[in-house]
Amino acid sequence: MPIDIHRLDANHNPSERSDMQTSPILVIGATGKTGRRIVQTLQRHNYPVREGARHTPIRFDWDDRSTWDAALRGVHSAYVSYSPDLAFPGAPEKIEALTLAAKHAGVQHLVLLSGRNETHAQHCEAIVRASGLQYTLVRASWFAQNFSEGYLLGAVLDGVIALPAGQVAEPFVDVDDIADVAVAALTDERHRGHLYELTGPRLLTFAQAAAEISAAAGRPVQYVALEAEDFRATVTPVFGPDMANMFTDLCIEVFDGRNACLAHGVREALGRAPRDFADFCKATAESGRWQSAPVLA
């Protein structure tokens, strides 16, 4: 069932709808995987959107708080995607500072993108819950699009996906589903106060995911299970030691089996089933991205 973001009923507050149509919706992380999809959908439905990122006309930079006030000014609702990840140290302090700045600016509602069973992410969720702002929490599993729009695109093109995930199963979620849930939350006040835990409809090991990617792309792709320290050594030249340590520690945390279960947030929020990993593979293969594509940030 597609989103009907214009649907109103007796439970809706007409003044809230008016505010949503006249006040800009801020999308923090507007150039990222989820953010750019949210911006595009909101614009298609004629909602006023303010894009917040380091290189947008009104800048938002997590590391430069002098950019926050202008980005938040006059905003009714905001989507918050923290870069690089809420699981990284320092994220809770910045999320708390953002909630204070948002309250001062008169923002009423935050939609926070969070991660499943990540300690720092759950701390950030608690900060938003206690902020006094209205909120919706969107807790997502591993993105399917990490294989097509992130650092793992290069791995797919090279034919080897090497991660310290062992044989753990993951319910890969399609980023389009995350964006759809976020848009619904930003434009329909009935989603306020909810936590939606988003997964795909199937559990797949990374070896099984690699096999599905290989079949769809028509090129050999295999998964290699690395030990954590071998992974750390591999990614340190790519990301630098600090980022490599944080990324490795996050993998150790979330690939221990804690997320090897399905959740039903997509259906709860949108009334439809989540997109399947096979559909993601088919669409990506048809786009040509797995043939000769640059690695996107």
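Coordinate-derived values only; no laboratory data. This is a predicted model, so every value here is computed, not measured. Cβ: placed from backbone, ideal geometry, glycine included. Neighbour counts: every protein chain shown.
Under a plain spin-label model, where a point goes 7 Å from the Cα along Cα-to-Cβ, how far apart in nm are His104 and Glu229?
In this crude spin-label approximation the distance works out to 4.7 nm.
Going by C-beta contacts inside 10 Å, put Asp279, Asp256 in order with the fewest on the left.
Asp256, Asp279
So, R0 is 30 Å and r is the distance between the beta-carbons of Arg202 and Asp256; what FRET efficiency does that work out to, to 0.05?
The calculated FRET efficiency here is 0.90.
Determine which lysines satisfy two conditions relative to Lys94: a Cα distance under 20 Å, and not lying fewer than 8 residues away in the same chain.
In chain and number order, the partners are Lys103.
Using alpha carbons only, how many angstrom separate the centre of the stretch 148-172 from the centre of the stretch 21-44?
27 Å
In Å³ and rounded to a whole number, note down the convex hull volume per residue for the Cα atoms of the chain.
Enclosed volume per residue, from the Cα hull, is 125 Å³.
Where both partners of a DSSP beta bridge lie in the chain, what percent of those bridges are antiparallel, to the nearest 5?
Taking every DSSP beta bridge with both residues in the chain, the antiparallel ones total about 10 percent.
Nearest 5 percent is fine: what portion of the DSSP beta bridges confined to the stretch 98-224 is antiparallel?
10 percent
Rounded if a/c is under 1.5, else prolate if a/b is larger than b/c, else oblate: which is the stretch 103-162, with a ≥ b ≥ c the root eigenvalues of its Cα gyration tensor?
Prolate, because a/c is 1.5 or more and a/b exceeds b/c.
Using the alpha-carbon atoms, what tilt in degrees (0 to 90, nearest 10) does helix 33-44 show relative to the longest principal axis of the chain?
40 degrees
Let's test this: bin the Cα-Cα distances of the stretch 213-257 at 5 Å from zero up to the farthest pair and state each bin's percent.
5, 21, 22, 16, 13, 16, 6, 0
At 0.36 nm per residue, minus the direct Cα-Cα distance, what do Glu268 and Glu93 gain on full extension? Give it in nm, one decimal, please.
59.9 nm
If you line up the Cα atoms of the stretch 136-263 on their principal axes, what length do they span on each, largest first, in Å?
Projected onto the principal axes, the Cα atoms of the stretch 136-263 cover 46, 36, 24 Å.
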